[in-house]
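Written out below as structure tokens is the structure these notes cover.
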Amino acid sequence: SRLMDLPTCELHRLEEIAELVTSVHLSHVCREELALALTSEGYIPKLLQLFRVCESGKNTEGLHLLFHIVRGILHLDKALLFEVMFSDECILGVVGCLEYDPCLAQPGRHREFLTKAAKLQEVVLIRNPELGQKILQTSRAQYIQAIIMPNPSDFEEGFLSTLNSFINSSKEEILHGLQKDQTFLPEVFAQLTNEASAGETRCELMKFFKEFCAFSFTLPEKRDEFLQTLAKLGFFRSLEILMGMDDWQVRSAATDILSYLVEFSPAMVQEFVMQEARQSENDSQLIIEVIKQIVCSPNPEFGGDNQLIEILCALIDPEKMLAVASNLEIFEFLDIFYDRHIHVLTVPLLADTSEDWNDTVHFFFFLQLKALIFLVDNYQTAEILASVLELLSFCVEQHKYHMKIYIINKDLLRRTLVLMKSKHKFLALCALRFMRRIIGLKDELYNCYITLGNLFEPIVNAVLDNRNRCNLLKSASVELFEFIRMKDIQFLIAHIVENFSGALESVKHIHTFQGLKTKYEQEKDCQNKQLN
């Protein structure tokens, strides 16, 4: 391709240069020719020299023209231009030109940010100077990308795709360089878990490692190799320690990393959890740390609980375990989970009793949770209980055998239905949803447990208390009875009609209860005919 003839780099020709740069964007060929011309004969450094002249002479018109020129050159989206403009010799001049946007009342302060505020903190020693330089260049490129990227509505798909590729390839190069260093990751883990590490240092190191993992997992060709490296270095053990630390920022970053692992390599995490359950009987296991974060969360309304709930559901989901274990091994794991772990999850529901604490949960953990329940705001406690009930509802459907034994032995449904009287309606709905999941299984043993314990009484009371209202709690309660009627669960229908028909006379306008009575009478007639 021939080189385009460019105007000479002189102050009086800046307007001509600006028009040229902004006029070629509609032609791919012209953009290529202009990019080649700009990289020849040091044209960009000459433009930046003019910028220094204009800035020292307070030439506002020239500075505004240089802003359009430099931004236009960046919008050409050519890798050979980025190599020049992001170099140490040119970067500050490029950023300086971008400060003088004519649309701004005052110039920006990008150079001040890059040279003073945005000092890169080397939390781990980078022994390769070229790699350190590449990290610095990439961070600057990302900053410039943020400056020049217009509003999403103002550009089409694929805009600045080469710049995105330039940044991503630089990140890949950085990752490859760090992973090649055999001492890098072991040093990171050692500093993270070392009790002597300062809190701020550990926090910064954790932020770095979280970003390191996040980008590594987005590269499919490198992901498996990276995961194998983490496994060999015993990273899951380190993760347990980090999730148990007092610093919430460290815990939050550790949770994010575990979430990445569960998303991209669930089999590896489940294999570790199952192996740990078989080999260890202490309470420092990864799965227990996750549960503790859920039941001891000081700020559950900020959404951290949702992430932890998803992690725990993924770890104890039998269908997902089939990728790494046989049915017998899964059954053995669930035996261990219900023998050692689920008691930690149900502490908030059972906190008013003290039976079996020494056998199920460390006494100090129980005291810690009791303090949390009485010290935090009631709403926060209700959020924690709602999270616990969501997980227990998951267990009802996924662990039918084990959960049924646990619920009946601990009389868990009765204790849960106490929450129907909570002033927090979302918590009352969670308790109702838990019972709805149990009834939805249509299990005879569950039905006997419910009728013998007269556990429909809190639901009937909720309907009666809300008889003159129209709200979600009343609707959900009626839906539960409607399900029983539609599925014709005669054992439960008989119990409801025989025990609550008198009380439900006051809500005759709700057709569901009349339907239950009709079903009951039809069944009675049928039985009498058979007897005759």
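The values are calculated or read from the model by the stated rules, or taken from the named source; none is laboratory data. Because the structure is predicted, anything quoted here is derived from the model rather than measured. Virtual Cβ from ideal backbone geometry, glycine too; neighbours counted across all protein chains shown. Accessible surface is based on the protein model in full, side chains and every heavy atom, while ligands, DNA and RNA are left aside. Shrake-Rupley method; radii C 1.70, N 1.55, O 1.52, S 1.80 Å.
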Positive-pole candidate from His343, Ile311, Pro266, dipole of the chain, charges at beta carbon | His343
How would Phe264, Phe481 rank on accessible area, largest to smallest, probe 1.4 Å?
-> Phe264, Phe481
Full-stretch length increase - Thr229, Cys448 - with 0.36 nm per residue and alpha-carbon distance subtracted | 73.6 nm
Label model pair Thr22, Leu104: point-to-point distance (7 angstrom along the Cα→beta-carbon line) in nm is 1.8 nm
Longest principal axis of the chain (C-alpha) makes with the long axis of helix 129-148 (C-alpha) an angle, in degrees to the nearest 10, of 80 degrees
Derived scalar couplings ³J(HN,Hα) [the range 50-65; Karplus, 6.51 cos²θ - 1.76 cosθ + 1.60; whole Hz; x for Gly, Pro] = 4, 4, 5, 5, 5, 5, 5, x, 6, 8, 4, 4, x, 5, 5, 5
What spacing in nm lies between the two simple spin-label points modelled at Leu11 and Gln145, each 7 Å away from Cα in the Cβ direction?
-> 3.7 nm
The chain: spread of alpha-carbon positions along the three principal axes, whole Å, largest first, is 112, 54, 44
Residues whose placed amide H lies under 5 Å from that of Met245, excluding near-sequence neighbours | none
With all protein chains present and a 1.4 Å probe, how do Arg278, Arg251, Arg202 order by accessible area, largest first?
-> Arg278, Arg251, Arg202
At a Cα cut-off below 16 Å, give the lysines reachable from Lys410, other chains included and same-chain residues fewer than 8 away excluded.
-> Lys400
Can you work out the PRE-style zone for Leu531? Point 7 Å along Cα to Cβ, and I want the residues of the range 485-506 with backbone N under 19 Å.
-> 490-499
Evaluate E = 1/(1 + (r/R0)^6) for Arg127 and Glu479, where r is the Cβ-Cβ distance and R0 equals 45 Å; express this FRET efficiency to the nearest 0.05.
-> 0.10
Could you rank Arg140, Arg237, Arg71 by how accessible they are, 1.4 Å probe, largest area first?
-> Arg237, Arg71, Arg140
Using θ = phi - 60° and Karplus 6.51 cos²θ - 1.76 cosθ + 1.60, couplings along the range 21-35 (whole Hz; Gly, Pro as x) | 5, 7, 8, 8, 5, 7, 10, 5, 5, 5, 5, 4, 5, 5, 4
Honestly the range 443-531 on the Cα gyration tensor test (a ≥ b ≥ c root eigenvalues; a/c under 1.5 rounded, otherwise a/b vs b/c for prolate or oblate) is just prolate
At a Förster radius of 41 Å, what calculated FRET efficiency corresponds to the Cβ-Cβ distance of Ser165 and Ala267, to the nearest 0.05?
-> 0.85
Whole-Hz couplings from phi, Karplus 6.51/-1.76/1.60, listed for the range 258-269; x for Gly and Pro | 4, 5, 4, 5, 5, 6, 9, 8, x, 4, 5, 5
Which of Cys54, Val478, Pro107 sits farthest toward the positive end of the charge dipole of the chain, with +1 on the Cβ of Lys and Arg and -1 on the Cβ of Asp and Glu?
-> Val478
How about Lys210: which lysines have a C-alpha closer than 27 Å to its C-alpha, ignoring those fewer than 8 places off in the same chain?
-> Lys116, Lys119, Lys134, Lys171, Lys180, Lys222, Lys232, Lys292, Lys320
With r as the distance between the Cβ atoms of Gln279 and Gln514 and R0 = 60 Å, compute the FRET efficiency 1/(1 + (r/R0)^6) and round to 0.05.
-> 0.55
For Glu498 and Met486, compute 0.36 nm times the residue count separating them, minus their Cα-Cα distance, and round to one decimal in nm.
-> 2.5 nm
Work out how much length Leu80 to Glu397 would gain on full extension: take 0.36 nm times their residue separation and subtract the Cα-Cα distance, in nm to one decimal.
-> 108.4 nm
Helical mean residue ellipticity (222 nm; -39500 (n - 2.57) per DSSP H run of 4+; nearest 500) of the chain = -21500 deg cm²/dmol
Ignoring ligands and nucleic acids, Met268 exposes an accessible area, probe 1.4 Å, in Å² to the nearest 10, of 30 Å²
Tilt, helix 511-531 to longest principal axis of the chain (alpha-carbon atoms), in degrees rounded to tens, equals 40 degrees
Once amide hydrogens are built 1.01 Å from N within the peptide plane, the residues lying 5 or more places from Asp101 or on another chain with amide H under 5 Å from its amide H are Gly108
So, with points 7 Å from each Cα along the Cβ direction, the Thr183-Ser56 label distance in nm works out to 4.5 nm
Inter-part gap, Cα centre of the range 200-239 to Cα centre of the range 6-73, in whole angstrom, is 43 Å
Tensor-based shape of the range 1-128 (alpha-carbon gyration tensor, a/c under 1.5 rounded, otherwise prolate or oblate) | oblate
Leu92: net charge of surrounding residues, Cβ under 11 Å, Lys/Arg +1, Asp/Glu -1, itself excluded?
-> -1
Neighbour net charge for Thr22 - beta-carbon separation under 13 angstrom, K R +1, D E -1 | -1
Proximal lysines relative to Lys58, as straight alpha-carbon distance under 19 Å, when same-chain residues fewer than 8 apart are discounted = Lys46
